[in-house]
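What follows is a set of notes on a single structure, which appears directly below.
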Amino acid sequence: MINRLAPVAWVVVFLAVFFWSAIEPKDRATWVLEVLPAAVGFGLVIWCFFRYPLTPLVYQLILVHAIILMVGGHYTYAEVPVFDWFRDWFGWERNNYDKLGHLAQGFVPAIIARELVIRFGVFARRGWRSFFIVCFALAVSAFYELIEWWVALLSGEGAEAFLGTQGYVWDTQSDMAWALSGAILALILLGRVHDRQLQGL
């Protein structure tokens with residue numbers, strides 16, 4: 001019964017956060033840019049569920065990542081209230097919610113890539129598999145940074161809310177470093193759990 005309700009609960013949580021985030025966001029254009037990947041992910045999850053079911057772990061991670069995106073889209077990444085509190089509490093110079101987003105940007109794609117390369121038997125050796133997964137996650141992060149750059153150029157205003165640099169000159173490099181760390185952590189922390197779930201498919 002629990003397994004049957006899990007997909008329904010996933011959709012309900014996603015849609016609830018999605019519609020909440022759409023209500024009077026800080027900046028509508030930024031909301032669209034930030035939430036678009038989550039909306040695309042929602043469509044892909046529905047498609048995969050009926051044609052190529054994934055492990056519960058992957059579905060859960062995608063949902064968490066989507067929520068991070070939608071919360072960031074609602075407030076903008078530089079103004080998420082709870083991370084303002086963390087900034088004041090820990091004496092940070094900036095709101096670091098975007099770093100959580102970039103950590104997830106490496107963590108979640110790493111497990112998705114891991115699932116695909118294992119199930120398709122792409123690599124015979126674990127070392128090459130792990131190397132590819134980390135490189136893939138870093139490539140996703142780098143491509144997203146390129147998208148941010150293109151948006152900034154096209155907007156003519158620097159797209160400050162979307163970029164979320166908050167005046168930090170090394171923001172792009174820092175974002176990619178967080179994604180790289182997320183990918184490595186995902187492989188270390190979730191590899192065995194993921195293997196057990198793959199065996200159950």
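The values are calculated or read from the model by the stated rules, or taken from the named source; none is laboratory data. These figures come from a predicted structure and were not determined experimentally. Heads up: the accessible areas ignore ligands, DNA and RNA and are worked out on the full protein's heavy atoms, side chains in. Shrake-Rupley method; radii C 1.70, N 1.55, O 1.52, S 1.80 Å.
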Using the heavy atoms of the protein chains alone and a 1.4 angstrom probe, what is the accessible area of the chain per residue in square angstrom? 58
Identify which of the listed values of semi-axes √(5λ) of the Cα gyration tensor in Å was calculated from the structure shown: (1) 24, 20, 17; (2) 36, 17, 15; (3) 29, 21, 16. (3)
Which one, 94, 126, 28, has the greatest fluctuation when you compute a Gaussian network model over the chain with C-alpha springs under 10 angstrom? 126
Would you mind telling me the share, in percent, of accessible area of the chain contributed by carbon and sulfur at probe 1.4 angstrom? 70
List every DSSP H helix in the chain whose Cα atoms extend 30 Å or more along the helix's own long axis and whose mean Kyte-Doolittle hydropathy is at least 0.0. 28-51, 97-119, 126-155, 171-199
